[in-house]
1. Considering only residues that are touching a residue at least 60 places away in the same chain (Cβ under 8 Å) and of a type in the set (Asp, Glu), which ones fall in the range 37-57?
2. Would you mention how many residues in the range 66-91 are surrounded by 11 or more Cβ atoms within 10 Å (Cβ to Cβ) and either among the charged types (D, E, K, R) or not in a helix (DSSP H, G or I) (or both)?
3. Considering every residue within the range 56-66, establish whether at least one is at positive phi and either at pLDDT below 90 or touching an Asp or Glu at 6+ places or on another chain (Cβ under 8 Å) (or both).
4. Kindly indicate which of Ile97, Ile37 is β-branched (Val, Ile, Thr), out of contact with any Asp or Glu (no Cβ under 9 Å at 6 or more places or on another chain), assigned to a helix (DSSP H, G or I) and loosely packed, with under 15 Cβ neighbours inside 10 Å.
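The values are calculated or read from the model by the stated rules, or taken from the named source; none is laboratory data. Since the model is a prediction, treat every value here as computed from it, not as a measurement. Note that we place each Cβ from the backbone using ideal geometry, even for glycine, and neighbour counts take in every protein chain shown.
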Amino acid sequence: MSAGKKAKMTGSVSGSSSRPVEGEENQAGSSGLEESIKVELKNRMLASGEWLRLTKVVREQLKGSSWEENLRCMAEARALEPDEPGLGKLIEYIQPIAAETVPAELKDDIMSSIRQFVEVNVEADNGNT
């Protein structure tokens, strides 16, 4: 990706929420841009090993915790209901609960790490222009 695109990518995140949305085209453009920013960020995190490191941190913090046990109990209870949901239905049921119940402290730590990664990469991109 060129330095011009990188500068555009990083500057548009904060600016997109302050622009008035005039129609669906702007929303689609914004969401498309946001999605491309997310993809670029994830690709950079994967390439650097940061994605794997953060994934390990999350797994280590949640493994064996009450969060894991609570999710297991909820999934088992749902699986035993009379409609006997399949694996797909169980996943649909448990995914939003899992995301909502991750401890706030862990979410904050991960977000802080992501922000730091973005800042370092934006500085590196700006230094290359």
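1. The one that is touching a residue at least 60 places away in the same chain (Cβ under 8 Å) and of a type in the set (Asp, Glu): Glu50.
2. Total meeting the criteria: 5.
3. Yes, because at least one residue in the range 56-66 is at positive phi and either at pLDDT below 90 or touching an Asp or Glu at 6+ places or on another chain (Cβ under 8 Å) (or both).
4. Just a single option satisfies the conditions, and that option is Ile97.
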